[in-house]
Amino acid sequence: MIPNSWIREWILLLLAAALLLLIIEARGQAQGNKPQGDATPQNPSSSRPLNLLVINDEENEIANKSVTSALKELREKRTDFLLGDVTVVQINKSDARGTLDLICGVWDAAVQLGGYRIPDLVLDTTMSGPASDTVNSFTAALGLPTLSAQFGQEGDLRQWRNLKPEQTNYLVQVMPPADLVPEAIRQLVIAMNVSNAAILFDESFVMDHKYKSLLQNVPVRHVIVKSKNAGKQTKDQLFRLRNLDIVNFFVLGGQKTLRATLDAAQSLNFTGRKYAWHGLTLEDFSPECNCVNISVLFLKPSPSANQQAVGELSNKGLLPKPVLTSAFYYDLTRLGVMAMRAAIDAGQWSSNVDRLTCDSYNGTNTPARNIGFLEFLKNVTSSNDFQPTYANFTWGEKNGQHQASFKMTVTLVTIADNNPVSTEDAGSWDAGIDRRLEVISEDLVANHTAQTSYRVVTVAQAPFVIHDAETDTWSGYCIDLLDEIRDIVKFEYEIRQADDQRFGNMDDEGNWNGMIKELKEKRADIALGSLSVMAERENVVDFTVPYYDLVGITILMKRPKAPTSLFKFLTVLENDVWLCILAAYFFTSFLMWVFDRWSPYSYQNNREKYKDDEEKREFNLKECLWFCMTSLTPQGGGEAPKNLSGRLVAATWWLFGFIIIASYTANLAAFLTVSRLDTPVESLDDLSKQYKIQYAPQNGSSAHTYFQRMSDIEKRFYEIWKDMSLNDSLSDVERSKLAVWDYPVSDRYTKMYQAMKEAGFPANMSEALDRVRNSKSSSEGFAFIGDATDIRYLTLTNCDLIMVGEEFSRKPLALAVQQGSPLKDQFNNAILSLLNKRKLEKLKEKWWNRNPLRVTCEKQDDQSDGISIQNIGGVFIVIFVGIGMACLTLAFEYWWYRYRPKTNNLNTLQNPKTTHSVKPVRFYLQPAAAPPRNAFDPSQFRAQF
């Protein structure tokens, strides 16, 4: 079987032979069509014709037509140049191997023929890509004088980077206009201080080598992308670029490309002061679009100084559009032929120089050349014999510095209602590397710069972010902070609330929600609010330096309110006890009256015996009631009964009163003290150890994530410990070290998280507050666990809520931006500047201590405080009631004294004859034993009833 390598070599040989026959036939036809005098040189010093090898991209149709037109003009009008064989090779710019085989086939065939048929000059009009690198490698290896129009700055042509000094004289690259026009974008960005840019280009520009170098060392975030087809694809492309927070657009292309892009921008409403549009082209036209109102800073080539020649060539169809590009290739061909002709005439390039074939090159045997082709190029362009059609040529010291020389005008075109309404000159630009833009009106250019506007996503959380739905305005600590940063960094912003009103948490599958999702998906530039810095968040977004103190998680409960009563001193004893005391009071008073009434030794029954005593108190029923009442007071009841039985009753009442008063006093003090010591929860530990109060965080909040993860960690530790303790590979000694009585892994958070799930997680803050407020008391109900700033603000604006315990799991608060965003460094510097100026402290003072919604609550009773008036005020009511009864009694006494006797006298005067004699009823009390005679004298002892 024949090897594949043999077959491939035979095919290449056949192709080379066929190509050689075609070249010989084409040359014969060309010579047969020449005038008779063209077969011999016109210049006596010229000994041979000039042969060319033209290498061009298949897609570079403009170069192909322009070079063909130039060669035709040279054959017809400049016969003195003795233009000989012209070999044209069309290559595929992405096929490096095929390009090498094709070029080597042509070159080796020409070398083998020898004589005057070998190309003297290689005219390279390829643009870029692997095939262009192959061409450069081919010419450098074989030492062939080459005039290249490849795209690239200094060092971009990789195969020509390390040329020897003699090689730089005959391997010359000239940058075409399409390679220079994009450099104007760099100057525009610098002049207008643009911070972001999207560069769109069409097929007339090559940007492969510009991705890194175009805006290198310029602080601008940019994207370089080829423009899509007109219509929906262009709109989708612009929409994606806008999602990257880009508002400055630069369009490199022809009239069709610019119009399609502007139409898409109008349909997406990407117009106005928030957007800036720039157009750069190689053609000569004015921007047009179906736009309502848009301004475009437009750069196009200035008219040629040789406009008549351009017009004639264009009318003949020799210069296709864009004229600047086609004229460049046209003049480059003329220039190369004239310079090479001069080198041959000067004897620097003869037909006898060493020429290698591709197969004979071994990597080190490149022939030495002594031709100053670059100097001949410079001499030709400075001579009167060469007149550039459009752009001239500028020469430097080495490749990457040789370029086409032309000028571009800068105008500001305003389009309204689909028609250009004004065109204002803004400046000009000499095309070249690092050539500054010449601005006529700086204000005009500055006003065209898009306002730097960022998309801010937030979550309403007072006092950091407050949204007034009626006026659609935003306020709060973070809003003031962002305004302060805006004054430093200079930008505008559009603010909106996150769709799900969450800060951002990651699920088990790694998906995010809330503000973090907005940043991650490039739908927002800044996340504003009391956003905690967390490790998992830092993996997908960038945080600024903290702008607020460490904030953790804490507990919100209903404020304990001890029940108060003006007659709380009456609740020390039960009602039954009070009724029994009242009954004992009346019974004892009545019993004392009876004993005094019936005892022979009482004062009222033995007045003569006690007539010399200073205290003479008759214990009637009124006096007995008064005596028993006053006996319970520190003042005492006064004179006791004279009889022994009455004194026994009084002593019994005194003992009873002493016990009752002592018991009441002790229980009153204890009762008032215990009611103020009712504080069942003071920390998270207290909350976890009780069962009457349910507790849970908001579902999906950072607190919920904290407890969930702590529970998972405890479970993992338990599994690790269990695997260790049940490991069969352990020795008895190692296993004994694990056999401990105490459980080595805590299950505190596991139990708490289970209790939270049983209690139910509130869906939002409103539900959580309702559950807290509906608690029966501070020792029974619901406790909410949440962000400390939320809870602190709720207690600041509500008197029925209280924050319990210290904060835990504390984290700093910061602003978040997209990962890799330059805003991070800008905002960091601004926040540090505000911190040094103490403005952050002023914001904290404004929104916490001087908050207009702050309420002043009543001071909560402290254990060290005395008894409040709410609990003891009933005694004052008793005084007022007693004084009121005394006043009524005084009035009654006055009435009784003043009016009752007058009534009796009046009745006596009206019936003077009517008299009644009232005889007293006399009772003689007989003692149990016979008393002595005349012991009881009726005149001395009378019982009146």
Among Thr126, Thr87, which is under 60 Å from the mean Cα position of the chain (by Cα), of a type in the set (S, T, N, Q) and either surrounded by 17 or more Cβ atoms within 10 Å (Cβ to Cβ) or assigned to a helix (DSSP H, G or I) (or both)?
Thr126
Name the single residue that is farthest from Gln604 (Cα to Cα) among those in the range 630-653 being touching a Gly at 6+ places or on another chain (Cβ under 8 Å) and in a helix (DSSP H, G or I).
Thr630
Lone unmet requirement of (1) within 28 Å of Leu834 (Cα to Cα); (2) at pLDDT 90 or above for Lys517:
(1)
Name every residue in the range 206-247 that is assigned to a loop (DSSP other than H, G, I, E, B) and polar (S, T, N, Q), in order of residue number.
Gln216, Asn217, Ser227, Asn229
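For the condition surrounded by 16 or more Cβ atoms within 10 Å (Cβ to Cβ), outside the structural domain of Thr394 (by TED's automatic domain parsing), modelled with pLDDT of 90 or more and β-branched (Val, Ile, Thr), what is the one hit in Val380, Val296, Val337? First the steps, then the outcome.
Values: Val380 fails: outside the structural domain of Thr394 (by TED's automatic domain parsing); Val337 fails: outside the structural domain of Thr394 (by TED's automatic domain parsing).
Checking each option against the conditions leaves just Val296.
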Which of the residues spanning the range 445-467 are surrounded by fewer than 18 Cβ atoms within 10 Å (Cβ to Cβ) and in a helix (DSSP H, G or I)?
Ala446, Asn447
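Yes or no: Val251 of a type in the set (Val, Ile, Thr), under 19 Å from Val194 (Cβ atoms), crowded, with 17+ Cβ neighbours inside 10 Å and more than 25 Å from the chain's Cα centre (by Cα)?
Values: of a type in the set (Val, Ile, Thr): yes; under 19 Å from Val194 (Cβ atoms): yes; crowded, with 17+ Cβ neighbours inside 10 Å: yes; more than 25 Å from the chain's Cα centre (by Cα): yes.
In short, yes.
Condition check: in a helix (DSSP H, G or I) and either under 60 Å from the mean Cα position of the chain (by Cα) or more than 22 Å from Leu83 (Cβ to Cβ) (or both). Does Leu318 satisfy that? Give the derivation first.
Details: in a helix (DSSP H, G or I): no; either under 60 Å from the mean Cα position of the chain (by Cα) or more than 22 Å from Leu83 (Cβ to Cβ) (or both): yes.
When the stated conditions are applied, Leu318 does not pass them.
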Has the range 412-432 got any residue that is surrounded by 14 or more Cβ atoms within 10 Å (Cβ to Cβ) and assigned to a loop (DSSP other than H, G, I, E, B)?
yes
Could you please find all residues in the range 461-488 being at pLDDT below 90 and among the small types (Gly, Ala, Ser)?
Ala462, Ala469
State which residue pairs qualify: first residue farther than 15 Å from Thr126 by Cβ and inside the range 61-82, second residue among the charged types (D, E, K, R) and modelled with pLDDT of 85 or more in any location, beta carbons under 8 Å apart, and separation of 6 or more residues or different chains.
Ala70/Asp331; Ala70/Arg334; Glu73/Arg334; Leu74/Arg334; Phe81/Arg341; Leu82/Arg341
Could you tell me whether any residue of the range 147-162 is outside any helix (DSSP H, G or I), touching a Lys or Arg at 6+ places or on another chain (Cβ under 8 Å) and at negative phi?
yes
Of everything in the range 534-553 that's surrounded by 16 or more Cβ atoms within 10 Å (Cβ to Cβ), at pLDDT below 90 and touching a Lys or Arg at 6+ places or on another chain (Cβ under 7 Å), which residue is farthest from Val456 (Cα to Cα)?
Gly552
Exactly one condition in (1) modelled with pLDDT of 90 or more; (2) over 26 Å from Ala763 (Cα atoms) is not met by Gln497; state its number.
(2)
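Would it be correct to say that Ile185 is surrounded by fewer than 21 Cβ atoms within 10 Å (Cβ to Cβ), hydrophobic (A, V, I, L, M, F, W, C), closer than 27 Å to Gln403 by Cα and touching a residue at least 12 places away in the same chain (Cβ under 8 Å)?
Values: surrounded by fewer than 21 Cβ atoms within 10 Å (Cβ to Cβ): no; hydrophobic (A, V, I, L, M, F, W, C): yes; closer than 27 Å to Gln403 by Cα: yes; touching a residue at least 12 places away in the same chain (Cβ under 8 Å): yes.
Here the answer is no, as Ile185 does not meet what is asked.
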Starting from the range 373-399, keep only residues that are more than 22 Å from Leu313 (Cβ to Cβ), then list their pairs with residues that are at pLDDT 90 or above and assigned to a loop (DSSP other than H, G, I, E, B) whose Cβ atoms are within a distance under 6 Å, requiring at least 6 positions of separation or different chains.
Phe373/Pro145; Phe373/Tyr170; Lys378/Trp395; Trp395/His402; Gly396/His402
Is there a residue in the range 97-116 that is outside any helix (DSSP H, G or I), among the hydrophobic types (A, V, I, L, M, F, W, C) and crowded, with 23+ Cβ neighbours inside 10 Å?
no
Is it fair to say Thr588 is more than 60 Å from the chain's Cα centre (by Cα), of a type in the set (Val, Ile, Thr) and exposed (fewer than 13 other Cβ atoms within 10 Å of the Cβ)?
no
Taking the range 163-190 and keeping residues within 30 Å of Gln451 (Cα to Cα), part of a loop (DSSP other than H, G, I, E, B) and among the β-branched types (Val, Ile, Thr) leaves Val181
If you check Glu484 against the conditions, is it charged (D, E, K, R), surrounded by 13 or more Cβ atoms within 10 Å (Cβ to Cβ) and more than 22 Å from the chain's Cα centre (by Cα)?
no
Can you give me the number of residues within the range 484-496 that are charged (D, E, K, R) and within 15 Å of Val457 (Cα to Cα)?
3
In the range 707-715, is there at least one residue being surrounded by 14 or more Cβ atoms within 10 Å (Cβ to Cβ) and out of contact with any helix residue (DSSP H, G or I) (no Cβ under 9 Å at 6 or more places or on another chain)?
no
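Results for (1) among the charged types (D, E, K, R); (2) in contact with a helix residue (DSSP H, G or I) (Cβ under 8 Å, 6 or more places away or on another chain); (3) within 26 Å of Leu794 (Cα to Cα), shown as yes or no for each residue.
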| site | (1), (2), (3) |
| --- | --- |
| Ile516 | no, yes, yes |
| Val533 | no, no, yes |
| Val572 | no, yes, no |
| Arg597 | yes, no, no |
| Glu608 | yes, no, no |
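The values are calculated or read from the model by the stated rules, or taken from the named source; none is laboratory data. As the structure is a computational prediction, the values presented were derived from the model and not from experiment. Because the Cβ atoms are built from the backbone with ideal geometry, glycine has one as well, and the counts that use them run over all protein chains shown.
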